[in-house]
Amino acid sequence: MSHKKVPLLRLEPRAETARVMVYAAPLIAVVLTLIGGSVLFALMGFAPHVALYNFFIAPISDTYGLSELAVKATPLVLIAIGLSLGFRANVWNIGAEGQLTIGALFGGMVALALNDLTGWYILPLEIIAGVLAGMAWAAIPAFLRTRFNTNEILVSLMLTYIAQLLLNLLVHGVLRDPAALGFPQSKAFSDSTLLPTILDGTRVTSSTIITLLIVGIAWVVVAKSFVGFQIRVAGLAPAAARYAGFRQPRLVWMTLLAGGGLAGLAGIFEVAGPIGQLQPTISPGYGFTAIIVAFLGRLHPLGILLAGLLVALSYLGGEAVQINMGMPLAVTGVFQGMLLFFLLACDVLVSYRIRWRGTGQGAVTGARAAKG
Amino acid sequence: MFLDTTGAIIAATIIAATPLLLAAIGELVTEKSGVLNLGVEGMMLVGAVAGFAVDSAGGGAFGGLIAAMLAGAAMAALFGFLTLFLLTNQVATGLALTMFGTGLSALAGQGFVGTTVPRLGKIDIPLLSQIPLLGPAFFSHDALVYGSVLITAAVWYFLYRTRGGLILRAMGESADVAHAIGYPVIGIRFAAVLFGGAMAGLGGAYLSLAYTPLWAENMTAGRGWVALALVVFATWRPWRAMLGAYIFGGVTIAQLHVQGMGVSIPPQLLSMLPYAATIVVLVIISRDATRVKLNAPAALGKPFLPTA
């Protein structure tokens, strides 16, 4: 033992998870991302403090900016809530982008079919269509995983490409507005098929309120319900879940359908809200970015709400530095990837202590002696 | 005429398959050591842009390929550090790697959009390339096509005919046992992850230097994910990965030819084919649960914390 080389860095399992670190890790990750971002900006030849100001502060320094934050956060939070249920149960739906696209497409087709009518029932109909379409798209990986043991990660991702091609096909074809001068886009939605805005002069619609309601419902489901308990056990201790008789296939179905339904909802909210028509691109990667939101929010509904606002800011910030400083929009993606990296790395502090060579040796051997 | 066309179609199939094969063979080695890296797409993109950048800066095609391998390996090192040393969740870290790589490559590639480099040169194998049909189909390719076949053979030989390969596979079956025997689990896994990254980078560079010698944002278009599916399809065996890659290359080329012939099927429907085929193939392979269980590395995706 004594002659064995002691590694420079060693992880020591904590006896119990550190509550403080559960909440501190996301904050540390955000700070590290800011530092990493400064380095990135400096490498690109921009003054870091100016760039950071333009990225994080300028976009939300007026009311309109704040309202845009809500517009961007709404789909992210909705999707992340759905994904978090699956991630808790070790069901990896990473095709939310495709489920969003299909929700937007089918919800949007219902809206276009009813475009010339008026009536209170039109909006609910298109929203239900969007949700059902998203669920149907997620049902494919659910069915293949439960019936054929097929990996849901790869299937849900492949379906994303197929969904985007399907949308592309239809807006170039049957859904194309003949009056659009050859542009691949549908007719604009009429007032009766658009979600009402709730703040004058902004793009915030009732979808934001519905999203807040869903956050509340999800909180109750995760924290208080038996289903939520089953989901948590299945993720933390699959063997215990099996022993207790929780049916794994049912959890796969439920979490994927919930994820697909909420992604579909986000899709129809986008086209019936800020976009107002069908076009080849519906989302700037909300379905993928929501994965970051889910993790950053600790898979907890309230955490996801906060994380959604922060990550929404990275979209606004990316647009702002593009307009104000001429930076490429891809900066957003780099920031988001960096944030997730740092978060995952910081998470190690929740279950482990980091010991550097020469520190804490006595304590460890002492503990070991006590155990033996 | 018929022979020429057939030869050209086979050659195109092989070319379309090569980036998939390179990425899949790298990931196969990584997974055999027990590590699941879902960041293949991101590593390919970074490799593609690094290779293109070095080539267009005058580093030559060879320099570009080296740079692509280094860039892919650097991305993989990031993944390896997080998953092997900090024990992060491999699925989530792989996803992060893909997102980060997508953003980083788009950022780095800004200045190269719309530019081009000379296509990787073809090497005719003397005599063999003169054979009708077979010559143009198999013996008149660029160095990386031949290289990818050699790499597949070398990986097969290493994994199944050498002691080192046996040790690497042992990591994938049970890290704890391998550790107890005295093998440096983390070091060997890290090396396997680096190899996977270098191959993904090389596969990416094949796209930007040989397949379509230009850089475009997101130019891999899901090929990294198809490569991951190929590893499952191959039940973690190198030669089957090659077979799978060539089948996918065939599907890709077939749909391009159908589009080119002016058949009135919308191009979007045809473009769905490779993705749909991936799903079908995955279902066929994984429905036999015992076969997957027998072949999949038992410790795949499980974190390992050395005791004592």
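The values are calculated or read from the model by the stated rules, or taken from the named source; none is laboratory data. What you are looking at is a predicted structure, and each value in this text was computed from that prediction instead of being measured. Quick reminder, even Gly has a Cβ in these numbers, built from the backbone with ideal geometry, and neighbours come from all protein chains shown. In case anyone asks, the SASA skips ligands and DNA or RNA and just uses the protein heavy atoms, side chains included. Shrake-Rupley method; radii C 1.70, N 1.55, O 1.52, S 1.80 Å.
Of note:
- When a 1.4 Å probe is rolled over the protein heavy atoms, the share of accessible surface on the protein assembly as shown that falls to carbon and sulfur comes to 70 percent.
- Using heavy atoms of the protein chains and a probe of 1.4 Å, the accessible area assigned to B:LEU104 is about 50 Å².
- FRET E, pair A:TRP120, B:VAL280, Förster distance 45 Å, beta-carbon r, rounded to 0.05: 0.55
- Unit charges at the beta carbon, dipole of chain B: most positive-side option, B:PHE52, B:GLY182, B:THR152: B:GLY182
- Alpha-carbon centroid distance for the pair the range B:144-162 / the range A:278-339, whole angstrom: 41 Å
- Cα radius of gyration and Dmax for the range A:65-333 (Å): 18.5, 62
- Cα gyration tensor shape for chain B, rounded if a/c is under 1.5, else prolate or oblate: prolate
- Each Lys and Arg contributes +1 and each Asp and Glu -1, all at the Cβ; summed about the Cα centre of the range A:65-333, the dipole is approximately 1100 debye.
- Amide H contacts under 5 Å for A:THR205: A:ILE198, restricted to partners 5 or more places along the chain or on a different chain, H placed in the peptide plane at 1.01 Å from N.
- Shown here: the protein assembly as shown, whose C-alpha atoms stretch 83, 73, 57 Å along the first, second and third principal axes, sorted largest to smallest.
- Rounded to the nearest 20, the Cβ-based charge dipole of the protein assembly as shown about its Cα centre (Lys and Arg +1, Asp and Glu -1) stands at 2760 debye.
- Rounded Å value of the spacing that divides the Cα centres of the range B:8-44 and the range A:124-192: 29 Å
- Under the Karplus curve 6.51 cos²θ - 1.76 cosθ + 1.60, θ = phi - 60°, whole-Hz ³J(HN,Hα) for the range A:96-112, x wherever Gly or Pro sits: 4, 4, x, 5, 4, 4, 5, x, 4, 5, 6, x, x, 5, 4, 4, 5
- Total lysine pairs whose alpha carbons fall under 27 Å of each other in the protein assembly as shown (8 or more apart, or interchain): 9
- Total accessible surface hidden between B and A, rounded to 100 Å², 1.4 Å probe: 3800 Å²
- Note on B:ALA221 and B:LYS122: their simple-model spin labels are 2.2 nm apart, each label 7 Å out from Cα toward Cβ.
- The length gained by stretching the chain between B:ARG287 and B:LEU243 to full extension, at 0.36 nm per residue less their Cα-Cα distance, is 13.9 nm.
- Cα-based shape type of the range B:30-142, given that a ≥ b ≥ c are square roots of the gyration tensor eigenvalues and the cut on a/c is 1.5: oblate
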